[in-house]
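Asker: Sending over a structure as structure tokens; questions will come in a sec.
The values are calculated or read from the model by the stated rules, or taken from the named source; none is laboratory data. A quick note: this is a predicted structure, and the numbers were derived from the prediction, not measured. Cβ: placed from backbone, ideal geometry, glycine included. Neighbour counts: every protein chain shown.
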Amino acid sequence: MDEELYRAAAQVIGESGWEALTMDRVAERAGKSRVTLWRNGVTRESLVDGLLRRLSEDYRDRMLPVLVATLAPRERLEQTMHALCDVVDKHATLLSVSDDMFHRAYAAGTVPLGFLDPFIQAIREARAAGSLRGPARAGKSRDVELADVMFNAVAWPYLHLRHRHNWPPARARSLLFTVVIDGLYQGRELRD
């Protein structure tokens, strides 16, 4: 399917929500006829699946180099957050509709790795290096919880700062990463 159709579908969703995603609106936005889309087998479902698949694939493509690189724990945390922010910037129109887009992609089975996996790895490496001062109770479930908090503490504020306040990427990342990483490295113990 053509990039222009995905961009048009994301714009329709971004402007009016999921319910407004119709083939007529996508065709109009893309400058094509609805009949042309129909003849090419384009459906609402194929557009949605494609958007979610592209989100997942871009996430995978940005995270895999971070996962396999030899990095110090703090640097891995930072690079993981940069990769997430790159994906947020690329898919901002879609992500601005709802904070459940990653959940939708996961439910659609398009995620080649769990969205939290890179954050879990970074947290475990930082803990193994003795770099984390936080949570009082370490363990598999606590690492998953911290990864979930970290993912969400970066993705949604970053989206907001970039696309509602029009902050440049470097400014939004610098200030946001300082708060998140210092909270893990220098924060007081987290309690249940």
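Asker: Right, Pro169: surrounded by fewer than 16 Cβ atoms within 10 Å (Cβ to Cβ) and either modelled with pLDDT of 95 or more or under 25 Å from Arg54 (Cβ atoms) (or both) or not?
Answerer: Details: surrounded by fewer than 16 Cβ atoms within 10 Å (Cβ to Cβ): yes; either modelled with pLDDT of 95 or more or under 25 Å from Arg54 (Cβ atoms) (or both): yes.
Considered against the rule, which asks whether it is surrounded by fewer than 16 Cβ atoms within 10 Å (Cβ to Cβ) and either modelled with pLDDT of 95 or more or under 25 Å from Arg54 (Cβ atoms) (or both), Pro169 comes out as yes.
Asker: Something else now. Is it the case that the range 23-33 has a residue that's under 17 Å from Asp100 (Cα atoms) and free of Cβ contacts under 8 Å to residues at least 12 places away in the same chain?
Answerer: no
Asker: Where in the range 10-124 are there helices (runs of 4 or more DSSP H), lying wholly inside it, with at least 3 residues that are outside the structural domain of His163 (by TED's automatic domain parsing)?
Answerer: In the range 10-124, 23-30, 34-39, 44-68 are the helices (runs of 4 or more DSSP H) which contain 3 or more residues that are outside the structural domain of His163 (by TED's automatic domain parsing).
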